[in-house]
Every structure is written in C-alpha cells, then in structure tokens.
Amino acid sequence: STSTYIEPFVGSGSVMACVSAYRRIGGDIHSEMIAVLLAIQQGWVPPDTITEEDYHAVKAHPYGYPLELVGFVGFACSYGGKWWGGYARGDGRNYAAESQRKLLRMANGLRGVELLCCNYINLPIPNHPCTIYCDPPYSGTQGYGVTFNSIAFWAWCRSQSRHGYHVFVSEYSAPEDMISIWSHERAASLDLNTGGKRTVEHLFCVP
C-alpha cells in the first residue's frame, strides 16, 4: 500500500473524489478544469441552468467570465464532456443541473486534494512510494482539445515504474509490454467514428 495517490490527468475529479489516501495530488493541463475543482473545494455552486445562448456567449468571450464558469460551461455543458464540443441537449435533460449535482456530491471527496495546472511531465511526484493513476486522452480519439503524444506518454510511464512507483493507465490499447488487469465495454462518445460504436476500455498496469 502507498500513502500518496497521484492523478496527472485529474479531469473532472470523479475518480480522485473516491480515493482515500494520506496525500492526494491531481494535475491537469486545462487551467479551466483545475479552476472548477478549486472553486468546488472553496464552496462554489455552479449554475443549474445554461442556455444555448449562454453557452455560445461564454465560448465567444471567455475572458469576460470567471475561469471556473468557463470550465464548467466548456466541459460540463458540452456533448460528451468534450471541450467546447457543442451544446449538450436531448432527451429533455438539463446537463448543467446534472453536472452541478455531480460536482457538489464530489465536494467532500475533493477536500484536501492538492490541485495543480501543469503537464503530466511537470507534475511533482514525491520521492517515496506512490500510486499513479493516469486517464490520458485516448489514442485514436478526438481527445479534449489538446495535442497528445502517446508514445512519449508510455515512455514516461515506464520511467516512473522503473523509479519504483505503481503506475496504472486507463486506455483502449497499449504497447505490448503493458498488462491489462481489467476491461469493460463502453460507448466511445469521443471516438472519431461515433454513432453507437462501442469499444473496450482497459486498466493497464505498467510493469
């Protein structure tokens, strides 16, 4: 067991909020997402209604709004959670209200998490046994609006493992030396070929 848990791609924080550890560190390259999580830690309540007009207004003039609101609208109110992936609608659902409730449910679990806006390579990792869980932009998908080098990422994972850290990665596929310890079929909402396509997500252990 380890006393420190690290997520270099903390995203919406949904996994982090469920983890118990003496120390938890979450990093993400998206300053807007980190702003959302920091605001939730400080008691911010996101709006429960974002109209399509609101969505396009924030997208067109992001510097006119608080960073946490930009992050909430750009991610939580977009199709598939993709950064400015189009206003989420359909089935009579209120995506803003759903996301608000989810974030507020996570608030207790996010307390005490150290949150940093940085590239995974620059995330400070303590020099003692740690568990590192990575949920990077999946190879072959549209991702979240950032260019991602999967080859460099897997090299970084191997390096962390060689330094004695326990490294786990969620991905659809991985280099042959990685070990799949869990798998689950799911809808690939961010896949380049959407339209009901399903794929198998794996949890890989880095040897």
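The values are calculated or read from the model by the stated rules, or taken from the named source; none is laboratory data. Please read all numbers here as calculations on a predicted model, not as lab measurements. With ideal geometry, Cβ positions are generated from the backbone for all residues, glycine too; neighbour counts draw on all protein chains shown. Areas reflect the complete protein model, heavy atoms only, side chains present, ligands, DNA and RNA absent. Shrake-Rupley method; radii C 1.70, N 1.55, O 1.52, S 1.80 Å.
Among the candidates Ser31, Ser12, single out the residue that is in contact (Cβ under 8 Å) with a residue 60 or more places away in the chain, surrounded by 18 or more Cβ atoms within 10 Å (Cβ to Cβ) and more than 25 Å from Pro129 (Cβ to Cβ).
Ser12
(1) assigned to a helix (DSSP H, G or I); (2) small (Gly, Ala, Ser); (3) on the phi > 0 side of the Ramachandran plot: which one isn't true of Ala107, the others all being true?
So Ala107 meets the others, but not (3).
When the residues of segment 70-85 are filtered to those that are aromatic (Phe, Trp, Tyr) and at pLDDT 95 or above, which remaining residue is farthest from Gln100 (Cα to Cα)?
Trp84
Criterion first (open to solvent by 50 Å² or more (accessible area, probe 1.4 Å) and of a type in the set (Ser, Thr, Tyr)) does Ser20 satisfy it?
yes
So, in segment 47-80, exactly how many residues are within 25 Å of Ala187 (Cβ to Cβ) and either open to solvent by 30 Å² or more (accessible area, probe 1.4 Å) or not in a helix (DSSP H, G or I) (or both)?
So the count comes out to 6.
Report, ordered by the first and then the second residue, all pairs with beta carbons closer than 6 Å, sequence separation of six or more or different chains, a first member in segment 54-77 that is within 14 Å of Gly11 (Cα to Cα), and a second member that is open to solvent by less than 50 Å² (accessible area, probe 1.4 Å) and among the β-branched types (Val, Ile, Thr).
Within 6 Å, the pairs are Glu68/Val36; Gly71/Val36; Phe72/Val36.
So if I check each of Ser161, Ser189, which one is open to solvent by less than 50 Å² (accessible area, probe 1.4 Å), of a type outside the set (D, E, K, R) and at pLDDT below 95?
It is Ser189.
Among the residues of segment 172-183, are any at pLDDT 95 or above, surrounded by 18 or more Cβ atoms within 10 Å (Cβ to Cβ) and either over 15 Å from the mean Cα position of the chain (by Cα) or under 17 Å from Ser78 (Cα atoms) (or both)?
Yes: segment 172-183 contains one or more residues that are at pLDDT 95 or above, surrounded by 18 or more Cβ atoms within 10 Å (Cβ to Cβ) and either over 15 Å from the mean Cα position of the chain (by Cα) or under 17 Å from Ser78 (Cα atoms) (or both).
Can you work out which of the residues in segment 110-135 that are assigned to a helix (DSSP H, G or I) and farther than 27 Å from Asp48 by Cα is least open to solvent (accessible area, probe 1.4 Å)?
Tyr120
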